[in-house]
1. Of the conditions (1) in contact with an Asp or Glu (Cβ under 9 Å, 6 or more places away or on another chain); (2) surrounded by 21 or more Cβ atoms within 10 Å (Cβ to Cβ); (3) over 16 Å from L123 (Cα atoms), D11 clears all except one; give me its number.
2. When you go through V158, V176 one by one, which is the residue that is surrounded by fewer than 18 Cβ atoms within 10 Å (Cβ to Cβ), of a type in the set (A, V, I, L, M), within 30 Å of G274 (Cα to Cα) and more than 23 Å from the chain's Cα centre (by Cα)?
3. When the residues of the range 21-37 are filtered to those that are at pLDDT 80 or above and over 17 Å from M71 (Cα atoms), which remaining residue is surrounded by the most Cβ atoms within 10 Å (Cβ to Cβ)?
4. So H90 fits all but one of (1) within 26 Å of D5 (Cα to Cα); (2) of a type outside the set (S, T, N, Q); (3) out of contact with any strand residue (DSSP E or B) (no Cβ under 9 Å at 6 or more places or on another chain); (4) surrounded by fewer than 19 Cβ atoms within 10 Å (Cβ to Cβ); what number is the exception?
5. G70 versus (1) touching a residue at least 60 places away in the same chain (Cβ under 8 Å); (2) in a loop (DSSP other than H, G, I, E, B); (3) within 20 Å of the chain's Cα centre (by Cα); (4) surrounded by 15 or more Cβ atoms within 10 Å (Cβ to Cβ): which is the lone unmet condition?
6. Looking at the range 230-249, is at least one residue assigned to a loop (DSSP other than H, G, I, E, B) and either free of Cβ contacts under 8 Å to residues at least 24 places away in the same chain or closer than 26 Å to E179 by Cα (or both)?
7. Which of the residues belonging to the range 53-67 are surrounded by fewer than 18 Cβ atoms within 10 Å (Cβ to Cβ) and among the basic types (K, R)?
Amino acid sequence: MAFLDADGTCDPLFFAPLVDALLRHSASVAIGARLGAGTRMPPIRRLGNRLWRFLVNWIAGTRITDAASGMRVVRREALPLLQPLPEGMHFTPTMSCRAALDARLSIVEVPMTYEERIGTSKLSVVVDGLRFLKAIIDVGLTYQPFRLLSVPGFLLLVVAAALLAPCALRYLTERVVREGDIYRLLTVLVLGTVGLQLFLAGLVAERAVEMVHPKKWHGGTLLQWLNRIVTGPHLLTAGALLIATALAINAGGLYTYVTAGFVWQHWSRAAIGGLLVLLGFQCLAASILDRVFSLLRGSAAELATRSSAIPGSGASPDRIRA
């Protein structure tokens, strides 16, 4: 299947090099790359295309040069794997993103000329740009939720740690927590909780995706290492340690409250303890969900094994109907 933009920007004769590249590289999709030195694409659209290219390449770990090109050739057998595709101009970056992320698909690009368009463009930089962004993020969440969610989560945790560091250092050296630090510690509590929640949500979503989509891994990146290390048992241990640390920090206050009905300790202990308890229970909840997906994967594999052992289960629908 082949298609191109009908505005005079693409040369129909370029289908020949695209088909040749598709066959020569045994690729699933051949894309005409329009962003070469001689392109006549308007500057604002070049900027937008570079943005979509960066986003797709970051999510998929690839080096596509033109994710939104409107001239491409697709193998017929690859079409079901590229579905569903949205209606509208953002279906091309969506297709590129799916092809880059699905392990069963491959992309080849061929540099092409790009002329000035005939007529007025229907493309809205803002409206269609937001549609492009939403489509790419949706595909990214479908295949790589850990990469999308863990990065902002990790950054929030780093900011929270940076804000907490001066207070912690002052306490270790002077045994003092200033009254004005309450606002800093409350900010640390919010940022740390939200950051860990995003990080763990990406991890749990990744476990769900692994049950549905075969994915491409591109090298040993930090995120892949974290995805392998941060597993259910480790999260369970981390959650238990965080909660135990919170109880140890507030043991004196809890004891006086239970025995005498009042709390006699500095507010900072309660704030730090509350942060640790929240983080701990998030880790425990994520470890439970991780275990659930592990059990579901085992059940799915067992069902697939039993199904393949049933006579006639591998026959095509036409043969079964016959």
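1. Here D11 meets the rest and fails (2).
2. Result of the check over V158, V176: V176.
3. Going through the range 21-37, the residues at pLDDT 80 or above turn out to be 21-35.
Filter once more, keeping what is over 17 Å from M71 (Cα atoms): 24-26.
Values: R24: 10, H25: 14, S26: 9.
Filtering the range 21-37 for residues that are at pLDDT 80 or above and over 17 Å from M71 (Cα atoms), the one surrounded by the most Cβ atoms within 10 Å (Cβ to Cβ) comes out as H25.
4. Answer for H90: the failing condition is (4).
5. (3)
6. Within the range 230-249 (the criterion being assigned to a loop (DSSP other than H, G, I, E, B) and either free of Cβ contacts under 8 Å to residues at least 24 places away in the same chain or closer than 26 Å to E179 by Cα (or both)), the answer is no, since none of the residues qualifies.
7. If the condition is that a residue be surrounded by fewer than 18 Cβ atoms within 10 Å (Cβ to Cβ) and among the basic types (K, R), then R63 is the only one that fits.
Every residue, every condition in (1) at pLDDT below 90; (2) not assigned by TED's automatic domain parsing to the domain that holds G32, yes or no:
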position	(1), (2)
A60	yes, no
A67	yes, no
L79	no, no
H90	yes, no
M95	no, no
R98	yes, no
E115	yes, yes
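The values are calculated or read from the model by the stated rules, or taken from the named source; none is laboratory data. Here the structure is a predicted model, which means the values were calculated and not measured. Using ideal geometry, Cβ is built from the backbone for each residue, glycine included, and neighbour counts are taken over all protein chains shown.
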